[in-house]
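To start, the structure itself, in structure tokens.
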Amino acid sequence: MRIDIGGIVVSNKMRVGAIMAPGQARVVEVEKLKPAFGEVLVRIHACALCTWEQRVFTGVKKVPLPYVGGHEIAGEIAEVGAGNLSKWKVGDKVTVRTLAHCGECYYCQQGEDNLCEQIGKLPRPIPEIEGIGGLSEYLIAKPSQLFRLSQDLDYSIGAFSEPLACVIHSIEKARLKIGNDVVIVGAGIMGLLHLLVAKKLATRVIVCEVDEKRLELARSFGADLVVNPKTEDAPAVIKSVTQGRGADAVFHTTAISKVAEEAFQMAGKMGRVILYGSFYPDEPICVSPNHIHNSQVELTGSVSPATEDFLKASRLLNFGIIDPTPLIHAEIELKDIQKAFELASDPNTFRVIIKM
């Protein structure tokens, strides 16, 4: 419905980009959201299509359809709900941590809100359709979910706050020290973001990747050494350049379980191996418990960003310390959502940004 108020046409509808069936996406209209007491309405201007949304689109990840994804977003505050005493005002540029958490479970109370027991169980952001909800013109947020972006920061850059926050969470689990030897397995978008952050911490970074074009990009991003496991014995190379010790930290960023097994072999004594991201298919890996016992190597995972990680990510982007511009493959209007998903699902592309 469109209402004429003093000559100005106001719509109570908003557009969302919905996956309707595997391989099919289109723009649909739903009721425009209205902020309740203490809430904020954000006008989304940029939403990146993450690997998660790509897997839903291709049918690899099974979820109820139709589905509105979107969690790598940036926009501006369009409306502040009644009773809101926070610092936010209309027009402020923000990114949103869409991973809602309860704030009262065991993990939230320990500051590990990325492991909240209620993730995925809280009410969906868009009542009519399943999904995270960021791939829409408007989104409701609590003030605690908002992180300030500089007014001159491009929205597409601001949308990298979430993936960068994920990477910061991963990097900090490895407790990197100045001068450490770091291995990053995989030079996709997340591997390259790991590279950018690790280099800022004055570490030596070695990137392992089978795609020569991505290895070249890793070199341009500052990798100290690149290794192609197709043509080289990657664990042997790592041992040879670390005087036989192995790496202080290994970040595995691919979705292939067998590669994770090899990544484990690259770590030296007291090394930290971080399994970043999810595996498709989820297959077991072979790890020697005696090796863990004798080397004191640490093997752990990293899932989603905590609130603190989001704050750090937004600041790194605001200050220009991390510049993800080379990782933007294309910017596409919401009306061309089908084309955007098809392009994003091509393994040769990096981030496709939906502009709204």
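Tabulated data for the structure shown
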item: In order through segment 245-254: 3J(HN,Hα) via Karplus (6.51 cos²θ - 1.76 cosθ + 1.60), integer Hz, x for Gly, Pro; result: 7, x, 7, 6, 8, 10, 10, 9, 10, 8
item: Lysines whose Cα lies under 18 Å from that of Lys335, excluding same-chain neighbours fewer than 8 positions away; result: Lys13, Lys32, Lys355
item: Helix-only mean residue ellipticity at 222 nm for the chain, each DSSP H run of n ≥ 4 adding -39500 (n - 2.57), per residue, nearest 500; result: -7000 deg cm²/dmol
item: Rounded if a/c under 1.5, otherwise prolate or oblate - segment 21-152, Cα gyration tensor axes; result: oblate
item: Euclidean distance between Cα centres, segment 97-148 to segment 18-56, Å; result: 14 Å
item: Carbon plus sulfur fraction of accessible area for segment 214-356, probe 1.4 Å, in percent; result: 53 percent
item: Reachable lysines, given that their alpha-carbon falls under 17 Å from the alpha-carbon of Lys177 and they are not under 8 places away in the same chain; result: Lys199, Lys200, Lys269
item: Neighbour net charge for Pro123 - beta-carbon separation under 13 angstrom, K R +1, D E -1; result: 0
item: Gln24 paired with Ala236, simple spin-label distance in nm, labels 7 Å along Cα-to-beta-carbon; result: 5.2 nm
item: Most fluctuating residue given options Ser345, Ser170, Ser144, as computed from a GNM of the chain linking Cα atoms under 10 Å; result: Ser144
item: Neighbour cut-off at most 10 other Cβ (10 Å), DSSP loop, chymotrypsin sites (Phe, Trp or Tyr not before Pro), segment 33-133; result: Phe37, Tyr106
item: Placed amide H near Cys208: partners under 5 Å, 5+ positions off or other chain; result: Ile184, Val185, Gly186, Val227
item: Where the chain is the region considered: accessible area per residue in Å², 1.4 Å probe; result: 46 Å²
item: DSSP bridge pairs, the chain: antiparallel proportion in percent, nearest 5; result: 55 percent
item: Reach of Lys61 by Cα under 23 Å, taken over lysines that are not fewer than 8 positions away in the same chain; result: Lys121, Lys258, Lys339
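The values are calculated or read from the model by the stated rules, or taken from the named source; none is laboratory data. Not measured: the values here are computed from a predicted model. Counting neighbours? That spans all protein chains shown, and the Cβs are built from the backbone with ideal geometry, glycine included. To get the accessible areas, we keep the full protein, side chains included, count just its heavy atoms, and leave off ligands, DNA and RNA. Shrake-Rupley method; radii C 1.70, N 1.55, O 1.52, S 1.80 Å.
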